[in-house]
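Student: Here it is, the structure, as structure tokens.
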């Protein structure tokens with residue numbers, strides 16, 4: 001298959017490599033061309049614009065920061081997606097997805113809603129979890145791409161929407177876990193007990209998911225090499241809050257987490273790992 005990958009950042013670049021390693025012809029485009037050029041060493045063609053990238057593609061993957069970025073990237077290329085299926089794999093939220101579905105419908109392009117769960121290392125290892133919803137025939141076209149980038153594809157419906165909504169539920173849990181971990185470590189430090197012992201006590205038990213040890217260790221060491229940047233976690237927390245409001249739900253924890261993450265971002269930690277959320281309580 002010929003696969004176009006639009007967006008070659010932290011997630012898009014390793015995904016493009018894994019699709020190429022699976023034997024597909026891959027052409028990539030990134031608005032900052034320098035970020036895409038290293039992919040040429042992996043046999044990926046680097047296109048000069050989005051329309052050139054998607055021309056002749058069987059599947060077009062979008063994997064960028066947010067809904068506005070997806071729309072601006074794809075809009076000038078929709079006319080060149082003749083017969084292609086659009087696999088929208090970015091986390092964009094419900095409102096933005098509706099806009100993208102409308103764009104695809106107006107252009108006669110089939111869109112599969114397929115956000116991924118996972119960060120930099122799973123993207124590099126090809127072990128992401130793909131959440132997919134869309135017309136069965138369109139999902140089938142995308143299946144080789146999903147197999148190349150993920151360890152599992154979870155089918156959630158036959159129309160776009162359910163996958164994005166489930167991704168928001170997962171993100172609500174994730175940001176709550178990170179904020180709860182941050183506050184537990186701050187409490188240990190404030191009470192004069194070793195937060196590393198806290199991680200040891202919960203490790204391997206029902207209270208200690210592996211993610212807690214990973215992110216908790218970063219928080220204790222104040223070492224935030226980014227796997228998933230805090231500014232994108234803040235964006236995801238905001239999408240959770242937005243979706244809750246639209247659904248008529250009052251989720252005060254979502255609002256609080258977004259506010260706390262904003263404090264850490266404003267303190268200069270936005271490009272560091274989301275574990276730097278702990279710095280909101282240290283500022």
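Student: Tell me, please, whether a residue that is at pLDDT 95 or above, within 16 Å of residue 4 (Cβ to Cβ) and buried (at least 21 other Cβ atoms within 10 Å of the Cβ) can be found in segment 75-83.
Tutor: Within segment 75-83, one or more residues are at pLDDT 95 or above, within 16 Å of residue 4 (Cβ to Cβ) and buried (at least 21 other Cβ atoms within 10 Å of the Cβ).
Student: Would segment 198-215 turn up any residue that is at pLDDT 95 or above and either within 16 Å of residue 264 (Cβ to Cβ) or touching a strand residue (DSSP E or B) at 6+ places or on another chain (Cβ under 7 Å) (or both)?
Tutor: yes
Student: Being touching a strand residue (DSSP E or B) at 6+ places or on another chain (Cβ under 6 Å), more than 23 Å from residue 9 (Cα to Cα) and assigned by TED's automatic domain parsing to the domain that holds residue 140 narrows it down to one residue among 109, 85, 116; which is it?
Tutor: 109
Student: Looking at (1) under 24 Å from residue 12 (Cβ atoms); (2) surrounded by fewer than 18 Cβ atoms within 10 Å (Cβ to Cβ), which is the only condition residue 238 fails?
Tutor: Only one criterion in (1) under 24 Å from residue 12 (Cβ atoms); (2) surrounded by fewer than 18 Cβ atoms within 10 Å (Cβ to Cβ) is unmet by residue 238, namely (2).
Student: Do any strands (runs of 3 or more DSSP E) lying entirely in segment 25-121 carry at least 2 residues that are more than 20 Å from the chain's Cα centre (by Cα), and which ones are they?
Tutor: On the way: elements: 25-29, 59-62, 85-88, 110-113.
Strands (runs of 3 or more DSSP E) meeting the threshold: 25-29.
The values are calculated or read from the model by the stated rules, or taken from the named source; none is laboratory data. The structure presented is a predicted model; accordingly, all values stated were derived computationally and were not measured. Please note: Cβ atoms are built from the backbone with ideal geometry, for glycine as well, and neighbour counts cover all protein chains shown.
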